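The values are calculated or read from the model by the stated rules, or taken from the named source; none is laboratory data. Computed from a predicted structure; not experimentally measured. A quick note on method: Cβ atoms are made from the backbone with ideal geometry, for glycine too, and the neighbour counts reach across all protein chains shown. Side chains included, ligands, DNA and RNA excluded: accessible areas come from the protein's heavy atoms. Shrake-Rupley method; radii C 1.70, N 1.55, O 1.52, S 1.80 Å.
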Amino acid sequence: MLLKEFKADLHIHTCLSPCADAQMLPDRIVQQARLKSLDIIGICDHNSTENVLAVKAAGKKAGLLVLGGMEISSQEEVHIMGFFSDDQSLRLMQEVVYKNLPGENKETVFGEQLVADEHGKIIGTNSRLLIGSVNLGLERVVALIKSLGGIAIASHINRQTFGIIGQMGFIPPGLGLDALEVTAEYSLSEIAEYEKYNLPLVKFSDAHFLQDIGSASTVFSLKALEFSEINLALGSVEGRKVKI
């Protein structure tokens, strides 16, 4: 089977993230992704997956592959995106995160945390402190993602705040990451520095507003539009690859 190129933005927040716009509803996210000619999107709200299934349902109708995941903030305040191939693994990871996530959200301080259905109707709210950090160290977070067959990507490593290098000064050897994400504001000198880690670089939008979806993306060369193929592309298996 020949390889085909697919455009992906795997760092998108929904209205569940308190820092995201209330218009980041499942159906509107999918519509915007299609307008930006995306083939694959990833949903990774802060420490929660409660809007993932709704976006998946909306994406399926539109022929868009939606990867379900979350952006976990470790004990060191390092953001790690974890994506999972099936809903069961996603649920198990969510249980661990919630068990280790202290605090309650204050809407007047951090913002609303809205749960929506695939049609964009608000069906509830989340009272947990999703913007906070879990009581799990970085190595444990990555190990849990990998134990469930997930993909672990360090978020926005070219930012000082919540990026692994900005928070820790380096990437621990043997951590088990699958890729490093940079934002659209990366510099060529930064890229040269990151290459020493021998991990693929990906570029996504970290969209919190509809207009930001697809503003940064990565091209995946795959044999099929499937989760397993994305994993293989990150490992450069049999010609599969990623290109920022």
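At a glance:
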quantity	calculated
Surface share of carbon and sulfur [accessible, 1.4 angstrom probe, percent] for the chain	51 percent
Compactness index (Cα Rg / 2.2 N^0.38 Å), region 93-201	1.27
Inter-site label distance for Lys121 and Glu76 at 7 Å from Cα along Cβ, in nm	4.5 nm
Rule-of-thumb Rg ratio for region 27-182 [Cα; 2.2 N^0.38 Å; N residues]	1.03
Rounded, prolate or oblate (a/c below 1.5 giving rounded, otherwise prolate when a/b exceeds b/c) for region 137-217 by Cα gyration tensor	oblate
Two-site label geometry, Glu195 and Asp86: point separation in nm, points 7 Å out along Cα→Cβ	4.0 nm
Violating pairs (Cα-Cα greater than 28 angstrom) within the set Lys61/Lys121; Lys146/Lys203; Lys7/Lys56; Lys60/Lys146; Lys36/Lys56	none
DSSP-defined beta bridges in region 1-113 - what % are antiparallel, rounded to 5	40 percent
Where the chain is the region considered: accessible area per residue in Å², 1.4 Å probe	43 Å²
Inter-label distance for Glu5 and Ala57, nm, one decimal - labels placed 7 Å from Cα along Cα-to-Cβ	3.5 nm
Anisotropy class of region 1-73 from Cα gyration tensor, a/c 1.5 cut	prolate
Length released on extending from Ala143 to Gln211, taking residue separation times 0.36 nm less the Cα-Cα span	21.1 nm
